[in-house]
């Protein structure tokens with residue numbers, strides 16, 4: 001077999017295979033960059049859990065597979081490279097438009113699903129959002145490889161080598177496209193700029209073909225104009241597009257980060273749809289959140305050595321120092337940018353050391369024992385399984401002083417047998433004989449306290465009444481009065497089996513259904529104006 005005559009002679013791209021190899025390389029790079037970018041676009045709304053990653057990968061693989069089939073048929077039917085490079089230009093412009101329109105598509109899809117379904121809302125919304133935003137450009141990029149094979153193969157004798165070389169260039173590009181966004185473009189410039197950067201690469205490939213061929217004058221002009229509009233509108237794109245007065249908005253290797261200042265509180269979130277991760281009262285008073293309830297631990301021990309796994313912005317650390325001045329606090333926080341923000345916006349003093357490390361990995365290297373260990377690593381449905389297992393809590397127990405107390409923030413109310421909180425409680429109970437839980441008033445959190453014996457936890461009431469601060473004393477008495485020993489007997493989570501994402505998503509779906517029911521009642525009772533006030 002020889003190459004079709006239509007591909008010979010006049011077409012400059014096919015005189016050398018360098019441009020075809022470059023196309024394979026940069027298209028592979030762009031596919032992976034879009035996949036990484038997709039996770040960051042979706043995460044502020046639906047979390048970065050394993051479930052969301054599975055949806056993203058699955059949707060992209062389906063789109064690429066369909067693109068492979070379609071691209072092969074197109075190449076056989078009409079082997080004109082101009083068609084491929086037009087598709088690359090269209091894919092580039094679609095990707096460039098994602099920072100401009102993606103957030104509105106997510107909002108629209110979520111809004112439609114809210115009024116049409118009741119179960120698995122988050123998974124359905126994440127899936128349909130991914131399909132709506134990413135299928136078209138990834139399907140077009142999926143047509144690249146079969147088309148290039150058609151253009152680059154001159155005879156069957158070299159077909160294996162051609163396919164191998166193009167595949168190697170594509171894979172090499174995919175490797176670069178995996179690391180570059182994660183470690184360079186997203187932390188340095190953000191998700192929106194990352195989409196625009198890799199869209200510009202695809203656009204350059206497409207336009208390079210037409211410039212070299214001296215063709216497509218109107219296509220070149222219109223595509224450059226469209227890309228320029230996307231750059232102007234999308235460069236400063238915000239996931240929380242309805243917010244008008246954020247003190248800070250940015251991204252790190254791990255998170256989307258958002259800080260609000262309402263005059264009384266400084267508020268930190270790593271998403272835009274679920275909850276507040278941290279809040280600090282500017283006058284140093286209690287926050288009304290689970291941090292306040294967690295002070296039952298240092299109330300029992302009188303302070304001492306405190307380890308916080310999941311330091312966040314340091315609210316609990318500062319409260320320990322404020323109410324129990326003898327406390328010696330060490331924080332562990334995996335996200336270095338959150339540490340920097342805690343110093344800048346939350347006035348976390350330099351005298352409180354914070355180690356940038358994974359909580360479990362830190363315990364494996366640390367030889368100290370602590371009077372208090374606070375585990376605050378669970379947020380939304382992004383629950384790190386390695387910090388949810390029996391093996392992890394055994395490490396916690398090994399680092400706890402004989403009369404020490406462990407606190408865990410369980411961040412969701414959850415109903416039904418075998419729910420996420422029951423499983424976590426059973427996991428902790430497999431290590432600690434004494435456990436108490438208390439719901440946080442006005443929130444979806446449960447504060448859990450664990451110790452080696454009942455006598456340790458039994459000290460809370462007597463210690464609470466001795467506190468000099470009347471507000472804290474009243475709250476600690478409330479905790480001592482209302483905390484309970486939870487039912488046990490379920491299946492603990494282990495390193496081998498910890499389906500925390502599925503359990504967390506079920507719980508969060510329940511919370512969303514309850515919130516929708518409440519807002520529907522407000523609407524029926526008070527109309528749109530009442531609903532606006534409630535929101």
- Please arrange 150, 463 by counting, for each residue, the other beta carbons lying within 10 Å of its beta carbon, fewest first. 463, 150
- Item | Label-point gap, in nm, between residue 117 and residue 235 - each point 7 angstrom along Cα→Cβ | 3.8 nm
- Item | Cα-based helix-to-principal-axis angle, 81-114 vs the chain, degrees rounded to 10 | 30 degrees
- Can you put 194, 365 in order, fewest other beta carbons within 10 Å first? 365, 194
- Based on DSSP H runs of at least 4 residues, each adding -39500 (n - 2.57), what is the mean residue ellipticity at 222 nm of the chain after dividing by all its residues, to the nearest 500 deg cm²/dmol? -18500 deg cm²/dmol
- Round to the nearest 10 and give me the degree value, 0 to 90, for the angle of helix 121-142's Cα axis relative to the longest principal axis of the chain. 20 degrees
- Inter-site label distance for residue 179 and residue 403 at 7 Å from Cα along Cβ, in nm: 5.3 nm
- What percent does the relative contact order of the chain come to when contacts are Cα pairs within less than 8 Å and at least six residues apart? 14 percent
- Between residue 521 and residue 477, Cβ-based FRET efficiency (R0 41 Å, step 0.05) works out to 0.75
- Query: To the nearest 0.05, what FRET efficiency results for residue 497 and residue 222 with a Förster distance of 45 Å applied to their C-beta separation?
  - Reply: 0.25
- Item | Highest-first arrangement of 56-64, 443-451, where packing means the average Cβ count within 10 Å | 443-451, 56-64
- What's the exposure ranking of 218, 482, going from fewest to most Cβ atoms within 10 Å? 218, 482
- Contour minus Cα-Cα distance for residue 215 and residue 159 (0.36 nm per residue): 17.2 nm
- When DSSP assigns beta bridges and you keep just the ones with both residues in the chain, what percent turn out antiparallel, to the nearest 5? 60 percent
- In nm, the gap between the two label points placed 7 Å beyond Cα toward Cβ at residue 171 and residue 365 is 3.3 nm
- Cα-based helix-to-principal-axis angle, 470-482 vs the chain, degrees rounded to 10: 80 degrees
- Note on the structure: So the FRET efficiency between residue 356 and residue 78, C-beta based with R0 = 51 Å and rounded to 0.05, is 0.40
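Quick note: the coordinates plus some simple rules give every number you see, no bench work behind them. Every value quoted in this text rests on a predicted model; they were computed, and no experiment measured them. Using ideal geometry, Cβ is built from the backbone for each residue, glycine included, and neighbour counts are taken over all protein chains shown.
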